[in-house]
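Input: a single structure, listed below in structure tokens.
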Amino acid sequence: MLQDFFILCSGADAAILKTCSKGEQNKYAGIGATVFFTAVMAFIASSYALYTVFDTIWSSVFFGLLWGLLIFNLDRFIVSTIKKRNSFGSELVQASPRIVLAIIIAMVISKPLEMKIFEKEINQVLLEQKNEMTLANKQQLALQYTPAVDKLNQEIVGLKAEIAAKEAETNALYDTYISEAEGRAGTMLLGKGPVYKEKREKHDAALAELTALKETNNEKIKGIEAQIAALNTEYAQVVNDSQPIIDGFDGLMARINALGELPWMPSFFIFLLFLAIETSPIIAKLLAPKGEYDLKLEDEESTLKTWVTQKVMQREKLLATDTELNEKIYGEIAEEEAVYAYKKQKAEELLKLQADAFHDLQVKSL
């Protein structure tokens, strides 16, 4: 039962193969088993690859099964279409396109399994890439908010500088009227005279202006600081909103690129393994001598070819003979006087009817 299934997988003619020896049947059963298990590996590989895309098991398994059946059909077709010839060179030319196709299939099958085998290493590479992307994302977003924040900070610095300048002016006026009262400057007279009162009034006016300026500028500073806090909050929110996109950067293409960052030697040997599995049925058929099955299949094909060629030749001869007979028959008919007189009579009648019809048409048009 199992041998019959593997023979079916090999694409060989089961009816012919049953008439062959056990060894010949075992050979094609082995080829069919290789085709079958290659399709199984294709199913596993594609299911894993699709799981990284869909994140659902059932969808991945369904489409993976379709892919496995496709690979199975291709491999079965490749193996079944290779026929043994009398020349190894002609067999190699015949198998060359199929070998190229087998190499492509091996690459497609091996890549998802490589990603599964080196999953931990790929995750490490992806983690480093995500960290770099996070830093780059923060820097890019900061470029949108930093100029506005810097401008607001400069406004705060200007407002504080204005207060400091007014304080320095007020302190200078304070020192002036104190020095006048102590007799250390101005009129050099000790006591609170008219000059002292004048300078004291200037200081008091400047102090009132300073108090009002502080209140006004502090209100402005609080408003600007609120704008800065809002910008910082918005920046943090944008960073948080974009972070899930970076965290989700682990799709199929990202993992393939991460696999490319790893040393190539292990991946290359895994590819060679699948290449050997995929091409082994083709190589086996190329290297194996012409066996009992090949001889019987060639005999059956040549019998059919001869029969078809014979039928085509018979049809061609039948057509040539029938054409020759028709030419002879119609040639003899053309020489008979009775046939000539009859066709002449009918032609004259037809011409008379045409003349009458034309005459009636002309009369109606007058």
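The values are calculated or read from the model by the stated rules, or taken from the named source; none is laboratory data. Since this is a predicted model, take the numbers as computed values, not measurements. Positions of Cβ are generated from backbone atoms using ideal geometry, with glycine treated the same way; all protein chains shown enter the neighbour counts.
Taking the stretch 49-60, which residues are more than 16 Å from the chain's Cα centre (by Cα) and either among the charged types (D, E, K, R) or surrounded by fewer than 18 Cβ atoms within 10 Å (Cβ to Cβ) (or both)? Quick ask: steps written out before the conclusion?
Let us first name the residues in the stretch 49-60 that are more than 16 Å from the chain's Cα centre (by Cα), namely 55-60.
Hits for the stretch 49-60 are D55, T56, I57, W58, S59.
How do the pairs read when you match residues in the stretch 108-119 that are closer than 15 Å to A276 by Cβ with residues anywhere that are part of a helix (DSSP H, G or I) and among the β-branched types (V, I, T), using Cβ under 8 Å and keeping only pairs 6 or more apart or on different chains?
Between residues of the stretch 108-119 that are closer than 15 Å to A276 by Cβ and residues that are part of a helix (DSSP H, G or I) and among the β-branched types (V, I, T), the close pairs are I109/T38; I109/I71; S110/I270; L113/I44; L113/I270.
Give the stretch 91-129 a look and list any residue that's basic (K, R) and crowded, with 17+ Cβ neighbours inside 10 Å, or say none. Give the steps one after another, and end with the answer.
In the first step, residues of the stretch 91-129 are kept if they are basic (K, R); the result is 98, 111, 116, 120.
The answer is R98, K111.
Of the residues K290, K305, which single one is over 30 Å from D55 (Cα atoms), out of contact with any strand residue (DSSP E or B) (no Cβ under 9 Å at 6 or more places or on another chain) and in a loop (DSSP other than H, G, I, E, B)?
Values: K305 fails: in a loop (DSSP other than H, G, I, E, B).
Among K290, K305, only K290 is over 30 Å from D55 (Cα atoms), out of contact with any strand residue (DSSP E or B) (no Cβ under 9 Å at 6 or more places or on another chain) and in a loop (DSSP other than H, G, I, E, B).
Residue check: is I256 β-branched (V, I, T) and closer than 30 Å to L92 by Cα?
no
Out of N218, N240, N232, I need the residue that is more than 30 Å from K166 (Cα to Cα), outside the structural domain of S10 (by TED's automatic domain parsing), of a type in the set (S, T, N, Q) and free of Cβ contacts under 8 Å to residues at least 60 places away in the same chain. Which one? Give the steps one after another, and end with the answer.
On the way: N218 fails: more than 30 Å from K166 (Cα to Cα); N232 fails: free of Cβ contacts under 8 Å to residues at least 60 places away in the same chain.
Being more than 30 Å from K166 (Cα to Cα), outside the structural domain of S10 (by TED's automatic domain parsing), of a type in the set (S, T, N, Q) and free of Cβ contacts under 8 Å to residues at least 60 places away in the same chain holds for just one of N218, N240, N232, which is N240.
If the requirement is being loosely packed, with under 10 Cβ neighbours inside 10 Å and within 30 Å of I103 (Cβ to Cβ), which of these qualifies: L297, L272, L287? Quick ask: steps written out before the conclusion?
Numbers: L297 fails: loosely packed, with under 10 Cβ neighbours inside 10 Å; L272 fails: loosely packed, with under 10 Cβ neighbours inside 10 Å.
Among L297, L272, L287, only L287 is loosely packed, with under 10 Cβ neighbours inside 10 Å and within 30 Å of I103 (Cβ to Cβ).
Please find, within the stretch 1-23, the residue that is surrounded by the most Cβ atoms within 10 Å (Cβ to Cβ) out of those that are more than 44 Å from the chain's Cα centre (by Cα) and either closer than 15 Å to S280 by Cβ or touching a residue at least 60 places away in the same chain (Cβ under 8 Å) (or both).
Result: C20.
What are the residues in the stretch 211-260 that are in a helix (DSSP H, G or I) and at pLDDT below 80, if any? Spell out how you get there, then give the answer.
Taking the stretch 211-260 first, the residues in a helix (DSSP H, G or I) are 211-247, 252-260.
Residues satisfying the conditions are D247, L252, M253.
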